[in-house]
Amino acid sequence: MSWKKIEPAKRTKNIKYAIRDIVVLAKEVEKKGMEMSWLNIGDPNIFDFRTPDRLIQDTIKALKDNKNGYAPSNGIASAVDAIREEATNKGFKNIHEVFVTTGASEAIDIALTALLNPGDNFLLPAPTYPLYDAIINKLGASINRYYLDESNNWEPDIEDLESKINDKTKGILLINPNNPTGTNYSKESLQKVLDLAKKHGLLIFSDEIYDKILLDDSATYYSLASLDADAPIITFNGLSKSHLVPGFRIGWGIVTGANEYIKDYNSAMQKLVRARLSANHPEQYGIASSLLEPHINEMTLKLRERRDITYNRLSSIKGLSLVKPQAAFYAFIKMDLGIDDFTFVKKVIEKTGVVIVPGSGFGQRENTNHFRVVFLPQKEILTKAFDKLEDFIENKRWLS
Ligand code: PLP
């Protein structure tokens with residue numbers, strides 16, 4: 001008698017996460033002695049960004065006060081109240097439920113799991129943040145991609161969006177501000193998506209994890225749920241990006257809309273919320289102070305300078321073009337170099353040590369070629385990386 005090989009479920013076959021998958025290749029290159037420039041992962045803490053002291057103090061106090069048991073499933077009262085208050089201040093009206101989760105990632109998983117049956121489809125933007133693909137694949141449901149329009153500031157292509165809706169479509173995702181494009185959507189676009197969702201009876205997910213990272217003083221930000229009190233919307237947010245604690249794993253979902261549309265679905269989500277017991281407990285004690293105090297501007301100022309360097313340098317390289325990012329810390333660059341994005345990125349990593357992610361890793365539409373750059377690193381790191389990239393492209397180093 002012998003042990004048998006364990007076969008993984010077929011549903012895992014299509015699960016990819018290009019942002020981290022690319023690291024496997026980069027680590028091999030690093031081992032050979034190459035100096036690396038990591039422009040691939042949206043983690044501010046690996047560069048010169050530090051968690052606000054207040055958030056650390058609140059968490060240490062909670063640990064010392066023995067808040068180390070399970071938390072209530074929906075989150076501790078002070079956190080839930082603060083999230084609700086902040087949302088109300090932003091103009092949210094029918095708030096049904098707030099639930100604190102292990103990063104926004106878990107809220108997204110719960111919301112999709114409570115919604116989709118095998119065979120259903122969910123509208124994801126192309127390009128998109130790849131976690132959504134992974135969860136939809138896990139659920140045996142289908143990804144239905146609509147295009148973001150690069151010629152129109154990467155706003156949703158409404159015509160394309162409407163043409164993709166069918167009788168198995170259950171919902172639509174908006175990521176605003178957007179990863180990977182850095183777009184802060186206009187009120188008009190948001191309104192058009194709301195109108196379409198209403199016409200076709202769709203649930204809307206609004207991923208607003210970057211809503212505090214707006215890079216221009218002139219920017220106005222519209223939270224989707226503030227535009228329609230009745231619309232069934234789940235808004236995702238969290239502390240990871242805005243408060244520089246991606247490792248805390250603290251996020252949340254906010255359920256809004258008229259009772260008749262959202263009630264049963266919300267109950268289904270709450271069953272899942274209870275079944276997984278609770279999110280991290282001590283870290284929740286920093287939520288209220290983080291949300292109710294003004295946001296740290298130092299981060300935005302640093303990012304603005306880095307965005308400008310990124311935009312100026314990359315748009316001056318022949319064969320590259322990009323829409324200027326208005327929010328978050330990503331730029332999504334179009335390449336017209338006669339080489340596909342995946343091969344390009346692989347060669348860039350191997351020959352220069354600059355780690356970027358191919359657009360196809362974000363589900364970008366076929367026959368287009370893009371790559372994403374994270375502009376969190378300090379000026380010197382960015383400048384060096386862009387020098388290398390410029391040399392690589394100008395001298396077509398992928399051919400040698
Ligand atoms: N949503 C978007 C658009 C993201 O870019 C990320 C992280 O990069 C997440 C969600 C995940 O956030 P969290 O760290 O709160 O799980």
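The values are calculated or read from the model by the stated rules, or taken from the named source; none is laboratory data. Just so we're clear, the structure is a prediction, and the values are computed from it rather than from any experiment. Because the Cβ atoms are built from the backbone with ideal geometry, glycine has one as well, and the counts that use them run over all protein chains shown. Surface areas here come from the heavy atoms of the whole protein model, side chains and all, with no ligands, DNA or RNA. Shrake-Rupley method; radii C 1.70, N 1.55, O 1.52, S 1.80 Å.
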If one takes the longest principal axis of the Cα atoms in the chain, at what angle in degrees, from 0 to 90 and to the nearest 10, does the Cα axis of helix 341-352 lie?
60
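In this model, which of 31/138; 90/192; 16/302; 318/347; 346/396; 90/164 are farther than 24 Å apart at the alpha-carbon? Present the calculation step by step, with values, prior to reporting the outcome.
Numbers: 31/138 33 Å; 90/192 20 Å; 16/302 32 Å; 318/347 18 Å; 346/396 14 Å; 90/164 31 Å.
Correct reply: 31/138; 16/302; 90/164.
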For the chain, take every pair of Cα atoms, bin their distances at 20 Å starting from 0, and report each bin as a whole percent.
27, 57, 16, 0
Got a sec? Charge dipole of the chain, +1 on Cβ for Lys and Arg, -1 for Asp and Glu; which of 6, 275, 37 is way out at the positive end?
6
Would you please give the FRET efficiency between residue 351 and residue 11, computed as 1/(1 + (r/R0)^6) with r the Cβ-Cβ distance and R0 = 30 Å, to the nearest 0.05?
0.25
FRET efficiency, residue 25 to residue 304 (Cβ-Cβ, R0 25 Å, nearest 0.05)
0.20
Once amide H atoms are placed 1.01 Å from N in the peptide plane, what residues at a sequence separation of 5 or more from residue 149, or on another chain, have their amide H within under 5 Å of its amide H?
154, 155, 157
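Magnitude of the Cβ-charge dipole of the chain, K/R +1 and D/E -1, about the Cα centre, nearest 20 debye? Can you show the working numbers first?
Details: 52 positive and 52 negative charges, 272 e Å.
Its charge dipole is roughly 1300 debye.
Calculated FRET efficiency, residue 70 and residue 367, Cβ-Cβ r, R0 60 Å, to nearest 0.05? Before the final figure, lay out the partial values.
Details: r = 50 Å, r/R0 = 0.83.
About 0.75, to the nearest 0.05.
Rounded, prolate or oblate: which fits region 4-79 when a ≥ b ≥ c are the square roots of the eigenvalues of the alpha-carbon gyration tensor, with rounded for a/c under 1.5 and prolate only if a/b beats b/c?
Working: a/c = 2.92, a/b = 1.40, b/c = 2.09.
Since a/c reaches 1.5 but b/c is at least a/b, the shape of region 4-79 is classed as oblate.
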Only Lys, Arg (+1) and Asp, Glu (-1) charged, at Cβ; region 59-166 dipole about Cα centre in debye:
680
Please express the Cα-Cα pair-distance distribution P(r) of region 53-292 as a list of whole percents, one per 5 Å bin, running from 0 to the bin with the greatest distance.
1, 6, 14, 19, 20, 17, 11, 6, 3, 1, 0, 0
Which residue, chosen from 355, 300, 116, occupies the Cα position most advanced towards the positive end of the dipole of the chain, where the dipole is computed from +1 (Lys, Arg) and -1 (Asp, Glu) charges on Cβ about the Cα centre?
355
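Whole-Å semi-axes of region 112-182's equivalent ellipsoid, largest first, each the root of 5 times a Cα gyration tensor eigenvalue?
Values: eigenvalues 92, 40, 12 Å².
Working from the Cα gyration tensor, I get semi-axes of 21, 14, 8 Å.
For the chain, what is the relative contact order in percent, using Cα pairs closer than 8 Å and at least 6 residues apart in sequence? Mind dumping the intermediate values first?
On the way: 766 pairs, mean separation 101.7, N = 400.
About 25 percent, as a whole number.
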Placed amide H near residue 96: partners under 5 Å, 5+ positions off or other chain
255, 256, 257
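Express the accessible area of region 53-292 per residue in Å², computed with a 1.4 Å probe while the remaining protein chains stay in the model. All intermediate terms of the calculation are to be shown ahead of the outcome.
Details: 9090 Å² over 240 residues.
Here the per-residue accessible area is 38 Å².
Show me the trypsin sites (Lys or Arg not before Pro) within region 1-96 that DSSP assigns to loop and that have at most 10 other Cβ atoms within 10 Å of their Cβ.
When the trypsin sites (Lys or Arg not before Pro) of region 1-96 are filtered for loop state and at most 10 Cβ neighbours within 10 Å, 4, 5, 13, 32 remain.
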Could you list the chymotrypsin sites (Phe, Trp or Tyr not before Pro) in region 135-217 that lie in coil according to DSSP, counting only those with at most 11 other Cβ atoms within 10 Å of their Cβ?
none
Scan region 1-71 for chymotrypsin sites (Phe, Trp or Tyr not before Pro) in coil per DSSP, keeping those whose Cβ has at most 10 other Cβ atoms within 10 Å, and list them by number.
3, 70
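What's the ranking of 268-276, 215-223 by average number of surrounding C-beta atoms within 10 Å, highest first?
Values: 268-276: 16.0, 215-223: 14.2.
In descending order of packing, they fall as 268-276, 215-223.
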Applying a 10 Å radius around every beta-carbon, put 337-343, 281-287 in order of their mean neighbour count, most first.
281-287, 337-343
Summing -39500 (n - 2.57) over every DSSP H run of at least 4 in the chain, dividing by its residue total and rounding to the nearest 500, the 222 nm mean residue ellipticity is -11500 deg cm²/dmol
Per-residue HN-Hα couplings for region 150-165 [Karplus 6.51, -1.76, 1.60; θ = phi - 60°; Hz; x = Gly/Pro]:
4, 6, 10, 6, 6, 6, x, 7, 5, 5, 4, 4, 5, 5, 8, 6
Part-to-part distance (alpha-carbon centres) for region 232-255 and region 26-75, which is given in Å
14
Which aspartates and glutamates, if any, have their Cα less than 15 Å from the Cα of residue 263, not counting same-chain residues under 8 positions apart?
97, 230
Of the accessible area of the chain, computed with a 1.4 Å probe and all protein chains kept, carbon and sulfur make up a percent value of 49
